[in-house]
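Heads up, the thing below is written out as structure tokens.
The values are calculated or read from the model by the stated rules, or taken from the named source; none is laboratory data. Predicted model, so just to flag it, every value in this text is computed and none were measured. Counting neighbours? That spans all protein chains shown, and the Cβs are built from the backbone with ideal geometry, glycine included. Just so you know, the surface numbers come from the protein's heavy atoms only, side chains and all, with ligands and any DNA or RNA stripped out. Shrake-Rupley method; radii C 1.70, N 1.55, O 1.52, S 1.80 Å.
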Amino acid sequence: MLAGKRILLVIGGGIAAYKTLELIRLLRGQRAEVSPVLTRAGAQFVTPLSVSALAGEAVHEDLFDLTKEAEMGHIQLSRSADLVVVAPATADLMAKMAQGHASDLATTLLLATDTPVLIAPAMNVRMWQHPATQRNCEWLKGDGVALIGPNAGDMACGEHGPGRMAEPEEIVEAIAARLAAGPLAGKRVLVTSGPTHEPIDPVRYIANRSSGAQGTAIARALAALGADVVFITGPADVPPPGGVEVVRVQTAAQMLEAVQTALPADAAVFAAAVADWRVTTQNEAKIKKQAGALPVLELAENPDILAHVAQMGEGRPGLVVGFAAETCDVIDNATAKRVRKGCDWIVANDVGPATGIMGGTENAVHLVTGEGVEDWPRMDKALVARRLAQRLAEALA
Ligand code: CTP
């Protein structure tokens with residue numbers, strides 16, 4: 001997949017640099033060429049010898065290295081790659097990138113490059129959450145820099161939360177997605193996924209059994225065909241794919257807002273299992289049990305995000321795909337749903353408990369379009385996703 005691709009890999013000074021060694025090994029395993037650049041701080045965590053031994057190339061460390069400048073100038077080095085990857089991207093490196101510093105070899109390369117840049121942030125949770133880092137993050141995104149991670153979890157500093165560098169496998173996936181020159185290159189596709197959680201009070205919520213597996217697989221398959229994917233997800237069981245822009249939401253109202261912000265798009269796939277109802281007024285305090293009296297929850301209807309986008313007129317994505325989760329009369333209900341909601345295609349599936357589809361790894365779907373109904377055989381959700389992504393690519397060609 002990455003054979004012959006050249007990655008300029010900047011290794012910043014964080015404890016996660018040890019995982020970058022594994023990243024180099026994985027990239028080389030996929031026959032990518034890796035030019036490593038080690039910052040001064042990075043060299044405190046991994047040695048130039050281990051980096052160059054794994055990369056099979058000399059490490060670039062110094063801006064004023066006459067020998068290396070004679071072989072290849074730093075400007076040329078910055079443009080010699082298909083992708084520049086920064087892993088770990090420390091808070092300091094991100095701040096320097098956002099500000100346009102050129103104070104050492106790494107920052108100079110990052111300022112001089114005309115190649116796409118992907119960064120894998122890694123830092124203490126407080127540092128990640130600090131407004132300055134979040135501001136830098138937004139600036140970098142605005143400059144076209146792509147991010148993978150950080151993930152939440154236990155950190156080397158003993159704290160817990162977002163800040164862990166994405167795993168090497170995830171970074172490889174993100175790199176492959178950035179480099180994919182597939183049929184969807186240059187197309188922006190929005191995908192909603194997962195359940196939504198509608199709060200009842202601070203500790204309880206209305207939810208459903210969606211794991212987010214099918215929506216995640218679709219986003220992954222679209223990215224693998226080269227699409228720029230905006231992945232808007234409720235609280236799912238499965239982690240989001242690498243190489244896509246992830247927007248996390250809890251409620252249907254937040255999902256609608258995130259969708260509106262993410263538009264315009266060439267296509268939109270609505271795989272989320274959005275809760276149809278929310279509690280009209282959310283209780284500020286936990287509802288207490290009262291002897292002999294049951295609480296009554298008044299429900300209000302949630303906005304139908306798919307119908308809203310499918311019927312929006314100006315700014316409507318060229319192709320709008322919905323899902324229909326049915327437990328009976330699957331095709332009839334899905335055909336009616338396609339017309340009622342105004343979308344172009346409906347991917348219909350039977351989510352009755354006997355099928356094991358909701359929360360499972362396989363799916364058996366029917367693709368309902370204006371031309372008719374196609375019955376796809378039961379297969380792995382990843383295969384359903386790839387077939388759907390391929391169909392999208394043909395429709396958008
Ligand atoms: N959907 C949506 N917003 C909602 C409800 C559903 O965007 N508030 C989208 C889903 O993402 C899916 C499609 O609409 O693509 C159909 O969802 P489904 O739950 O099958 O249908 P409902 O609209 O809930 O209809 P019903 O309950 O009558 O089956």
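Taking all protein chains together and rolling a 1.4 Å probe, ASP82 ends up with roughly 60 Å² accessible. Take every Cα pair under 8 Å whose residues are at least 6 apart in sequence, average their separation, divide by the length of region 188-396, and the relative contact order is 21 percent. Rolling a 1.4 Å probe across all protein chains gives GLU61 an accessible area of roughly 90 Å².
Annotation: extensible slack from ARG6 through GLU22 equals 4.1 nm (criterion: 0.36 nm per residue apart, minus Cα-Cα distance). When MET358, MET1 are compared by accessible area of protein heavy atoms, the largest-first order is MET1, MET358, using a 1.4 Å probe.
In region 188-396, taking the dipole from charged Cβ atoms about the Cα centre, the farthest positive-side position among CYS328, ILE357, ALA236 is held by ALA236.
Against the empirical 2.2 N^0.38 Å (N residues), region 6-179 has a Cα radius of gyration ratio of 0.95.
Across the protein chains, with a 1.4 Å probe defining accessible surface, the residues PHE45, PHE323, PHE270 rank PHE45, PHE323, PHE270 from largest area downward.
Computed from point charges on the beta carbon alone (+1 for Lys and Arg, -1 for Asp and Glu), the dipole magnitude for the chain about its Cα centre is near 300 Debye. Relative contact order of region 6-179, taken over Cα pairs closer than 8 Å and 6 or more residues apart, is 23 percent. For region 188-396, the residue among PRO199, GLY292, VAL189 whose Cα projects farthest onto the positive side of the dipole built from Cβ charges is GLY292.
When nucleic acids and ligands are ignored and a 1.4 Å probe is applied, ARG278 ends up with an accessible area of around 80 Å². Of LEU49, LEU9, LEU111, the residue with the largest accessible area leads and the full order is LEU49, LEU111, LEU9 (1.4 Å probe). The relative contact order of the chain comes to 11 percent, based on Cα pairs under 8 Å that sit 6 or more residues apart. Remark on region 154-279: ratio of C-alpha radius of gyration to 2.2 N^0.38 Å is 1.12. FRET efficiency for the GLU138 to ASP329 pair, using the beta carbon distance and R₀ = 41 Å, is estimated at 0.30.
Stokes-Einstein diffusion of region 188-396 at 25 °C, 0.890 mPa s viscosity, Kirkwood radius from Cα pairs, rounded to a whole number: 140 µm²/s. A Cβ-based charge dipole, computed about the Cα centre of region 188-396 with Lys and Arg at +1 and Asp and Glu at -1, lands at about 480 debye. So, R0 is 30 Å and r is the distance between the beta-carbons of ARG209 and ARG248; what FRET efficiency does that work out to, to 0.05? Taking R0 as 30 Å, the efficiency between ARG209 and ARG248 is 0.95.
The helix-based estimate of mean residue ellipticity at 222 nm for the chain, built from -39,500 (n - 2.57) per DSSP H run of four or more residues and divided by its residue count, is -10000 deg cm²/dmol to the nearest 500. Annotation: for a label point projected 7 angstrom from Cα along Cα→Cβ of THR281, residues of region 191-215 with backbone N closer than 20 Å are 198-206.
Across all C-alpha atoms in the chain, the radius of gyration and Dmax reach 23.5, 86 Å. Relative to the Cα centre, the charge distribution of region 6-179, modelled as +1 at Lys and Arg Cβ and -1 at Asp and Glu Cβ, gives a dipole magnitude of about 180 debye. Computed over region 104-155, the P(r) tail beyond 14 angstrom holds 60 percent of alpha carbon pairs.
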